[in-house]
Amino acid sequence: MALKVLTVDDSKTIRMIVKKAFRPYDCEIVESENGVEGLAAAGREKPDLIILDITMPVMNGIEMLAKMKGENSLKDIPVIMLTAESGRDNVLKIVKMGVRDYIVKPFKDVDLIERARNIVKLEPRKESESAEDPSAKYFTMDGDIQRLVIPEKVTRPVILEVEGHLQSKIKEMAMSAARNKLILDLRKVTETNVSLIKVIISTVQKCQKSNTSIRILATPTMSSELKEFRETSDMPIDHTVEEAKNALQLKP
């Protein structure tokens, strides 16, 4: 199973550096823009590693770290702190709070990976397999469950590409009763629009026709927005991977 890394930073550039650093490895990157979103993501995703910036709006990294250390389910998640200050007092402060390591900005991706390797095991991504299977852009296996991850922006080309891969994936799943389960993961999507609704409806209908069990996974915000559309208002929506998995495993 892919290592899960949460990057919490209000700078899109820094988050891109983090994503680039972990790209060669079998990792799933989750992004948040501030401590409030980061704390929610940490509770929802239970990441294996958190890359946490100190200076952020709404809730800074120190405040988020303090709240994490106060929760039993989050206190043991290793954290690498990003700081713009290298002074002794600043470093001592974050070390005393329990961070596993820290990096002074600006930094290079190799520096981040070097520190991450001391905390978690990084497995190389199997690029050859991804190159041979174009559907790997959207589909990943999680145990015996297929997960369809929809990208940030849903456009017509995305719809056509997803639907093209979906048909073959459903045929694969139909060959084994133990693997005919799919999670439609919408958590990366940034806008709830008509194109997204079309993807959801099309995916659900294809799964129903093939007797494939499906669960929709979305953020609480998107879940509320989907309830406003007639086509998706009655669809059950999970907010965590664990909820979706449990619901699928309980289905006969």
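Below are the figures for this structure:
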read-out	value
The chain: most fluctuating residue of ASN193, ASN180, ASN34 per GNM, C-alpha cutoff 10 Å	ASN193
Under 13 Å from LYS69, Cα to Cα: aspartates and glutamates that are on another chain or at least 8 residues apart	none
Counting DSSP beta bridges with both ends in segment 128-250, the antiparallel % (nearest 5)	25
Cross-link pairs beyond the 22 Å C-alpha cut-off, checked among LYS75/LYS121; LYS137/LYS227; LYS137/LYS198; LYS137/LYS171; LYS12/LYS75	LYS137/LYS227; LYS12/LYS75
Degrees separating the helix 156-174 axis from the principal Cα axis of the chain, which is the longest one	70
Separation in nanometres of the label points that stand 7 Å from Cα toward Cβ, at GLU85 and ALA136	4.4
Highest-MSF residue in the chain out of ASP238, ASP53, ASP111 [GNM, Cα springs under 10 Å]	ASP111
Value at 222 nm in deg cm²/dmol, rounded to 500, when DSSP H runs of n ≥ 4 in the chain each add -39,500 (n - 2.57)	-12500 deg cm²/dmol
Stokes-Einstein D (µm²/s) once Rh is taken as the Kirkwood radius of the chain over alpha-carbon pairs, at 10 °C in 1.306 mPa s	81
Segment 3-117, Cα convex hull volume normalised per residue, Å³	89
Tilt relative to the chain, helix 194-209 - C-alpha long axis, 0 to 90 degrees, to 10	60
Sorted by Cβ neighbour density within 10 Å, fewest at the top, the residues VAL110, VAL95	VAL110, VAL95
Gaussian network model of the chain, Cα within-10 Å springs - most flexible of LEU160, LEU186, LEU148	LEU160
Antiparallel %, DSSP beta bridges [both residues in the chain], to 5	15
Pairs of alpha carbons in segment 128-250 whose separation is greater than 22 Å (percent)	29
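Laboratory data are not the source of any read-out in this text; all were calculated from the coordinates shown. Nothing here was measured: the structure is a model prediction, and the numbers come from that model. All Cβ positions, glycine included, derive from the backbone under ideal geometry; neighbour counts span all protein chains shown.
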